[in-house]
Structures are given as C-alpha cells and as structure tokens.
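Engineer: Below is one structure. I have some questions about it.
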Amino acid sequence: MRAYAGLMAFDNIELTRIDGTPDSFDNYRDRVVLVVNVASRCGLAPQYEQLEQLQEKYGPRGFTVLGFPSNQFAQELKTAEDIQEYCSTTWGVTFPMFEKTKVNGKNKHPIYKELHKAKDSAGLGGPIVWNFEKFLILPGGEVHRFRPPMKPDDPEIVALIEGALAKAA
C-alpha cells in the first residue's frame, strides 16, 4: 500500500515561497496536493509541462501542485530569481513554487521529514531518490508516493486526483 494516514503531521508546517513570502501547509489542507521536488537542469524537467497542465485542469476544482526546488542532486539553478524565470518562461509555471529545499539528510525540510514515511507501490519509503519524486496528499490525509520516472499525468495519478476531487465536490 502506497499510503499512510495522518495529515495531522502536516499541520503547522511553515513554508516559504520562492519570492520569500511566508506560507503554511495549513493553507492547502482542504485541497488535493501534489508535492514535487523539482530541478531545472534535470533530464526530467519536461515534467514541469505535465505538472502545469494538471494545475490548469484541476486547480479550479481544489487541486494544486506545490513545487520544491532542490539542489541535493546538483541540478538546480543557483538563485531563486533564475529558477522563477526558468519555470515561468520555459514551462509557464503558475503553481506555487517554494524556496530551495533540502529533501534528504539531517537538515531536510519538515515536510520531507513526513513525506519520507510514505511508501511507494513496492512498499518502499525513506529518502528521496531523485528529482521529480511526487507525493499526492489527499484531503483525508492519505499520501501516495510516486517515483521520479512516473509522469505527473500518468493514469494512476490522474485517477487518484479525479477520485479525490469527486469526493470533495
């Protein structure tokens, strides 16, 4: 099983937008959320296109992508401004992007401390293995983990998004 229950662990996790604006995971509590660690210079960067398509299609219905740039695999641009420009001009990203984030190690961001607990379809949890690892967090607290090669618009992910949005409607 890919999921674990317990949205309570996400309560009060403070976030910082890429432009420095404070935010909190609490602001996304009632939404279907896809958390993704992104990197501009990764071979998987074309997934930004599918992420943005999901945001455009499902955003008005209560879905959002949350992008967390990370340089832990040495493939992210140096500055927040460069990341913002790349994402907006190359991929037309409109979903929330956050400051560069550590996704592994002792200084990993609190959201990733929780996400490490989620297991993928093979029953494996733990550290982030590469850029574009995806976590679908449903309003009830269920977390589904998808490894980097799986595209954001994979039918399995889309079915979970649509099912959660139908329940919320």
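Engineer: For the stretch 7-168, what is the largest minus smallest coordinate of the Cα atoms on each principal axis, given in angstrom and ordered from greatest to least?
Structural biologist: 40, 34, 31
Engineer: Excluding residues on the same chain fewer than 8 positions from Lys151, give the lysines whose Cα lies under 18 Å from its Cα.
Structural biologist: Cα-Cα hits under 18 Å: Lys57, Lys119, Lys134.
Engineer: With each run of n ≥ 4 DSSP H residues scored as -39500 (n - 2.57), what mean residue ellipticity at 222 nm is computed for the chain after dividing by its residue count and rounding to the nearest 500 deg cm²/dmol?
Structural biologist: -8000 deg cm²/dmol
Engineer: Starting with the fewest neighbours, write out Cys42, Cys87 ranked by other beta-carbon atoms found within 10 Å of each beta-carbon.
Structural biologist: Ranking Cys42, Cys87 by Cβ neighbours within 10 Å, fewest first, gives Cys42, Cys87.
Engineer: Still on this structure, I have one more. Quick one: among Asn107, Asn37, Asn131, which has the greatest mean-square fluctuation in a GNM of the chain with alpha-carbon springs under 10 angstrom?
Structural biologist: Asn107
Engineer: Taking every DSSP beta bridge that has both residues in the chain, what percent is antiparallel when rounded to the nearest 5?
Structural biologist: Percent antiparallel among DSSP bridges in the chain is about 60.
Engineer: If we count other beta carbons within 10 Å of each Cβ, what is the order of Arg61, Arg145, fewest first?
Structural biologist: Going from least to most buried by this count: Arg61, Arg145.
Engineer: From the phi angles alone, apply the Karplus equation (6.51, -1.76, 1.60; θ = phi - 60°) to the stretch 19-33 and give each ³J(HN,Hα) in whole Hz, x where the residue is Gly or Pro.
Structural biologist: 8, x, 6, x, 8, 8, 4, 4, 5, 10, 3, 8, 9, 8, 10
Engineer: Separate question: Test of understanding: extend the Cα→C-beta vector of Arg17 to 7 Å, then name every residue of the stretch 133-147 with backbone N under 19 Å from that spot.
Structural biologist: Nothing falls inside the zone, counting backbone N under 19 Å.
Engineer: Here's something else I'd like to know. At 0.36 nm per residue, and after removing the present C-alpha to C-alpha distance, how many nm does the segment from Glu81 to Asp153 gain when stretched out fully?
Structural biologist: Value of the extension gain: 23.2 nm.
Engineer: Oh, and also: When the chain is modelled as a GNM with alpha-carbon springs shorter than 10 Å, which of Leu77, Leu138, Leu124 fluctuates the most?
Structural biologist: Leu124
Every read-out reported here was derived from the displayed coordinates using simple, explicitly stated rules and does not represent laboratory data. Just so it is clear, the structure is predicted and the values come from calculations on it, not from any experiment. Here Cβ is always computed from backbone atoms with ideal geometry, including for glycine, and neighbour counts include all displayed protein chains.
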